[in-house]
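Chemist: A single structure is presented below for examination.
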Amino acid sequence: MLLIDCPYCKEKLPELEFEYAGQAHIARPEHPAEQSDAEWRDYLFIRSNVRGDHAEQWRHTHGCGRYFNAVRNTVSDKFIATYEIGQPRPTVTKEGEERDEQLES
Amino acid sequence: MTFTTTVETLPTMGRYNLRCKRENTVALSKSLGFDLPSSIGEAARSGTQSALKLGPDEWLLTCPMEERATIRQSLTDVYPEAVHSLTDISSREISIRVSGDQAEELLSTSCPRNLAKLSTGCGVRTIFDSVQVVLMREGDRQFRLDVWRSFAPHVLGLLAVACAEFESGL
């Protein structure tokens, strides 16, 4: 079972308490009515499909109830960092890169 | 080893869910007569009333049924200065007490948390099998589970099965 570090509870907790909630850092356009169809489609549906480190939202549903962001390596399924909503994506550590390389061979 | 752990359903108690911003906690604590705990999992107690911090802005207040009106009134009085949300959830949940030498092992049959890390007097919201529960460690060998009423038969059933397995030495 994955252990996820909740930035609000400050504890490593079992994955069963958490819920995945999509890609992180997608800002809703300030004025949706002024968006073109293509821009609105991109905002609603177009997501990156990263092989490697991916910033995503998680919710500690059965715990503190908060949404937070996490950088997870989609190849190794390791959590590299978790941080509170509103904070910028942290620069990826060497640890994450190594894990990626390891699985490429 | 003889199996002495017991599972019992507790009588109804008053429960409130309190949510407010950090800057309002001081005024609310003053009105309640005791300090709201400041870190998640921590509990504060004053006489028959207690508060457990569940999330960054969420507390669970418990009290005897007859003291519910007191809590509601004292927080309503302070509402203009300290905006908050107070919801009576007394009838939503029932409490189950698990006590005895093997209480921790018994609960860990369905709870994925590391219960050894939960210190006495602390409590957390977590998951028990597929049911969301509030788990409190009341003593070294005593736990309390607050379960939504409709899920209680499921939780009690699982605990009964686990007890039977422990008793038979499985």
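Chemist: Can you name the residue in the range B:2-36 that is touching a residue at least 60 places away in the same chain (Cβ under 8 Å) and outside any strand (DSSP E or B) and, of all such residues, is farthest from the chain's Cα centre (by Cα)?
Modeler: B:3
Chemist: Okay, next question. For the range B:37-64, enumerate the residues that are away from chain A (no Cβ under 14 Å) and within 15 Å of the chain's Cα centre (by Cα).
Modeler: The answer is B:43, B:44, B:45, B:48, B:49, B:50, B:51, B:61, B:62, B:63, B:64.
Chemist: Right, here's the next one. Please find, among B:97, B:15, B:22, the residue that is charged (D, E, K, R), closer than 27 Å to residue A:11 by Cα and modelled with pLDDT under 95.
Modeler: When all the criteria are applied, what remains is B:22.
Chemist: Further question on the same structure: Scan (1) surrounded by 14 or more Cβ atoms within 10 Å (Cβ to Cβ); (2) under 19 Å from residue B:120 (Cβ atoms); (3) basic (Lys, Arg) for the single condition residue B:45 breaks and write down its number.
Modeler: For residue B:45, the failing item is (1).
Chemist: Ok, one more. Within the range A:28-62, how many residues are in contact (Cβ under 8 Å) with a residue 12 or more places away in the chain and of a type outside the set (D, E, K, R)?
Modeler: 12
Chemist: Which count do you get for residues in the range B:143-170 that are within 13 Å of the chain's Cα centre (by Cα) and over 24 Å from residue A:16 (Cα atoms)?
Modeler: Number of matching residues: 0.
Chemist: Return the total of residues in the range B:129-155 being out of contact with any strand residue (DSSP E or B) (no Cβ under 7 Å at 6 or more places or on another chain) and either under 19 Å from residue B:115 (Cα atoms) or assigned by TED's automatic domain parsing to the domain that holds residue B:52 (or both).
Modeler: 4
The values are calculated or read from the model by the stated rules, or taken from the named source; none is laboratory data. Computed from a prediction, not measured in an experiment: that's the story for all the values here. Cβ atoms come from the backbone with ideal geometry, glycine included; neighbour counts cover every protein chain shown.
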